[in-house]
Amino acid sequence: MKASQFFISTLKEAPADAEVVSHKLMMRAGMIKKLGAGIYTLMPMGLRVVQKVEAIVREEMNRAGAVELSMPVVQPAELWQETGRFEKMGPELLRIADRHGNNFVVQPTSEEVVTDIARQEIRSYKQLPKNFYQIQTKFRDERRPRFGLMRGREFIMKDAYSFDRDQASAKASYQVMAKAYRRIFDRFGLTYRAVAADSGAIGGDLSEEFQVIAATGEDAIVYCPGSDYAANMEKAEALAPAGPRASSSQPMTKTPTPGKSTCADVAELLGVPLQITVKSLVLATDTLSDKGEVLKTQVWLLLLRGDHDMNEVKVGKLPGLSAFRFATVPEIEDHFGCKPGYLGPLSLQKPVKLVVDREVAVMSDWICGANAPDFHITGVNWGRDLPEPDMVADLRNVVAGDASPDGQGELVIERGIEVGHVFYLGTKYSQAMKATFLDQNGKPQFMEMGCYGIGITRLPAAAIEQNHDERGIIWPDALAPFTVVICPINAERSPEVKAASESLYAELLAAGVDVMLDDRGERPGAMFADWELIGVPHRVNIGDRALKEGHVEYQHRRDAAATAVPLADIGALLLAKLAA
């Protein structure tokens with residue numbers, strides 16, 4: 001491609017509403033253009049990157065035996081009503097009606113439609129397994145769209161859905177997809193981690209997120225450098241402390257803590273480590289009638305170490321707490337006789353169910369609220385001062401330095417951007433939509449399903465968050481809009497420069513290289529700045545003075561300076577670097 005035939009539109013400054021690096025650089029490099037809140041036009045330069053992503057995904061999905069189709073963006077509400085998601089999904093699901101008053105949705109995902117296809121087309125176990133995938137536009141009506149393509153409302157996603165005869169086959173299909181995803185992300189040339197993820201109401205362990213590592217990532221990724229263990233924060237297990245609980249050594253004392261309502265403030269006031277304080281979190285669960293009326297409310301008290309944070313996903317998996325909510329102030333005052341900030345497990349007004357984190361269960365001489373304003377209790381011990389808890393469980397987020405669950409070292413935490421997810425669904429959708437097949441005995445069985453997504457338009461933004469500098473984007477070869485750019489210097493005044501540039505351009509085109517020849521006649525500084533901003537990984541500068549000495553200049557986007565290369569060797573050098 002020649003620049004004069006293409007469309008290049010760069011900006012010196014990013015728009016004021018661009019927040020993160022990828023948003024700023026994609027706007028400045030002319031890759032996207034905002035149309036509305038969370039809605040962007042993919043400009044020619046950005047579209048080329050997205051097409052590179054799609055090509056790799058499509059090749060590996062086909063290689064893994066998946067079959068491509070394309071499902072409608074607008075889908076009948078009836079299918080979503082069958083699974084209950086038309087009502088449950090909330091305002092992120094864009095609902096529309098046609099001129100006849102028929103309800104539709106603009107798809108955020110396609111489990112319902114693909115399950116409808118399967119129940120109509122798949123009759124026998126002999127037709128299984130099957131995996132259907134699409135690369136298609138999605139829409140989710142985000143409350144606060146932000147960060148450009150990172151959290152837009154309209155986006156492109158690859159979503160795949162597997163159908164199998166039983167759990168064993170479904171798990172085999174899942175592993176095929178998990179391996180395909182690793183090949184996909186390896187080919188992107190990005191630093192990423194596949195981490196174990198929570199599988200929600202489905203249960204089980206077959207759920208992995210693919211996270212591109214970036215300091216600006218929204219997700220916390222937990223891993224062990226000495227092993228293959230990796231999980232997201234929701235899933236990562238905090239092991240029980242080793243060894244028995246220490247014996248008590250202090251008397252229990254009601255201690256004044258005027259105006260100090262947080263564990264950190266109390267620890268500072270008393271001159272003690274934050275680790276010996278215990279925080280109280282009050283939850284509630286409601287028993288409802290068939291009409292949705294509250295028949296009974298159970299109040300729960302959770303105790304965590306003062307420097308730890310509650311993991312809501314873990315708590316929601318505990319018996320009786322699947323539908324928990326945080327207790328209201330009146331509920332708290334009714335049970336504890338005190339406002340929040342000074343709560344604890346002693347001197348309650350009404351009984352509560354006590355759930356204690358593993359760490360707190362082995363603590364001795366700890367500090368908690370006294371259920372009296374401006375007072376805490378020091379020297380609290382299990383057995384002596386209060387009975388053993390109703391339940392001991394892993395309630396908290398892990399922290400760096402915790403022991404790895406596989407026993408192979410300590411955990412490290414870094415930030416990541418989720419760009420892919422593989423997930424075993426089971427029969428959640430097939431049961432709701434009565435998607436069955438006839439097994440070997442001629443009996444109907446529900447199909448076992450899995451789903452597998454990749455954020456096609458989110459991935460370039462994640463790649464930029466990982467690969468950029470003060471000059472602009474640094475694309476991996478596989479994702480760059482152009483792999484090589486040839487920059488002739490003053491070609492309009494030098495027939496030799498023009499001829500050498502055209503010759504190298506033709507040589508690279510013939511070799512199948514995605515090459516750009518910048519024939520715009522720009523000044524060298526402006527031309528170089530454009531391509532550094534756009535992030536093309538390989539650049540060749542061809543100038544009259546260097547040509548007279550028999551060489552040109554090669555510079556990788558990460559190099560601090562250009563390197564002289566004989567003109568006769570530059571084509572072979574580029575092909576070797578691209579092959580590597």
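What follows draws every value from the coordinates through simple rules; no lab data is involved. If you're wondering where the values come from, they're calculated on a predicted model, not measured in any experiment. Don't worry about glycine lacking a Cβ; one is built from the backbone with ideal geometry, like all the others, and counts go over all protein chains shown.
Taking Cα centre as origin and charging only the Cβ of basic (Lys, Arg, +1) and acidic (Asp, Glu, -1) residues, the dipole magnitude of segment 162-203 rounds to 220 debye. Per-residue ellipticity at 222 nm, computed for the chain from helices alone with -39500 (n - 2.57) per DSSP H run of at least four residues, works out to -7500 deg cm²/dmol.
Taking trypsin sites (Lys or Arg not before Pro) across segment 372-475, the ones in a DSSP loop with at most 15 further Cβ atoms lying within 10 angstrom of their Cβ are Arg384, Lys434, Arg471. For segment 482-579, the dipole from Cβ point charges (+1 on Lys and Arg, -1 on Asp and Glu) about the Cα centre works out to 160 debye, to the nearest 20. Computed over neighbours whose Cβ is under 14 Å from that of Arg151, the net charge equals -2, Lys and Arg +1, Asp and Glu -1. For segment 260-321, the set of GluC sites (Glu not before Pro) satisfying both a DSSP loop assignment and a count of at most 14 other C-beta atoms within 10 Å is given as Glu293. Straight-line cross-link partners of Lys296 among the lysines, defined as a Cα under 25 Å from its Cα and at least 8 positions apart when in the same chain: Lys88, Lys314, Lys317, Lys339, Lys350, Lys353. Among rounded, prolate and oblate, which fits segment 100-153 when a ≥ b ≥ c are the square roots of the eigenvalues of its C-alpha gyration tensor, a/c under 1.5 means rounded, and a/b larger than b/c means prolate? Verdict is oblate for segment 100-153. Taking mean projected area of the Cα convex hull in nm² as calculated from this structure, the corresponding entry among [x] 33.3; [y] 25.9; [z] 34.9 is [z].
Under 1.5 on a/c is rounded, so check that first for segment 216-261, then, if it is not, pick prolate when a/b is larger than b/c and oblate when it is not; a ≥ b ≥ c are the square roots of the alpha carbon gyration tensor eigenvalues. Taking the square roots of the gyration eigenvalues as a ≥ b ≥ c, segment 216-261 is oblate.
Helices in the chain that qualify as membrane-span-like (whole DSSP H runs, Cα extent of at least 20 Å along the helix axis, mean Kyte-Doolittle hydropathy of -1.0 or higher) are 44-63, 167-188, 495-510.
Dipole orientation for the chain: of the candidates Met449, Gln408, Pro537, Met449 has the Cα lying most toward the positive pole (charges on Cβ; Lys, Arg +1; Asp, Glu -1). Amide H contacts of His551 (H built 1.01 Å from N, in plane; Pro and chain starts excluded): Leu567 sit under 5 Å, all sequence-distant by 5 or more or on other chains.
Please compute the net charge surrounding Arg384, taking Lys and Arg as +1 and Asp and Glu as -1 over other residues with Cβ under 12 Å from its Cβ.
Value of the local net charge: -2.
Relative to one another, the C-alpha centroids of segment 8-33 and segment 428-460 are positioned 40 Å apart. About the centre of its Cα atoms, segment 294-446 shows a dipole size close to 820 debye [charges on the beta carbon of Lys, Arg (+1) and Asp, Glu (-1) only; nearest 20 debye]. Rg then Dmax, both in Å and based on the Cα atoms of segment 253-393: 15.1, 53. DSSP finds beta bridges in the chain, and of those with both partners inside it, around 80 percent are antiparallel. When you count the other C-beta atoms within 10 angstrom of each residue and take the mean per peptide, 278-289, 244-255, 158-169, 47-58 line up highest first as 158-169, 47-58, 278-289, 244-255. Pick out, from Gln275, Pro476, Val113, the residue whose Cα sits farthest towards the positive end of the charge dipole of the chain, with +1 on the Cβ of Lys and Arg and -1 on the Cβ of Asp and Glu. Checking the options against the dipole of the chain, the answer is Val113.
Please compute the net charge surrounding Ser247, taking Lys and Arg as +1 and Asp and Glu as -1 over other residues with Cβ under 14 Å from its Cβ. Please report the intermediate quantities before stating the final value.
Working: positive: Arg245, Arg384; negative: Asp365, Asp385.
Neighbourhood net charge equals 0.
Taken over segment 72-185, the alpha-carbon convex hull comes to 133 cubic angstrom per residue. Loop-located trypsin sites (Lys or Arg not before Pro) across segment 62-127 with a Cβ neighbour count of 10 or fewer within 10 Å are Arg99, with loop assigned by DSSP. Does segment 482-579 classify as rounded, prolate or oblate by the C-alpha gyration tensor (a ≥ b ≥ c root eigenvalues; a/c under 1.5 gives rounded; else a/b over b/c gives prolate, otherwise oblate)? In terms of gyration-tensor shape, rounded. Once Lys and Arg get +1 and Asp and Glu get -1 on their Cβ, which of Gln211, Gly337, Gly46 lies farthest toward the positive end of the dipole of the chain? Most positive-ward Cα: Gly46.
Once backbone amide H atoms are built at 1.01 Å from N, Thr277 has Gly306, Ile367 as its partners under 5 Å, excluding neighbours fewer than 5 places away on the same chain.
Of all aspartates and glutamates in the structure, those lying under 18 Å Cα to Cα from Lys24, and not within fewer than 8 positions of it along the same chain, are Glu13, Glu218, Glu465, Asp469, Glu470, Asp530, Glu532.
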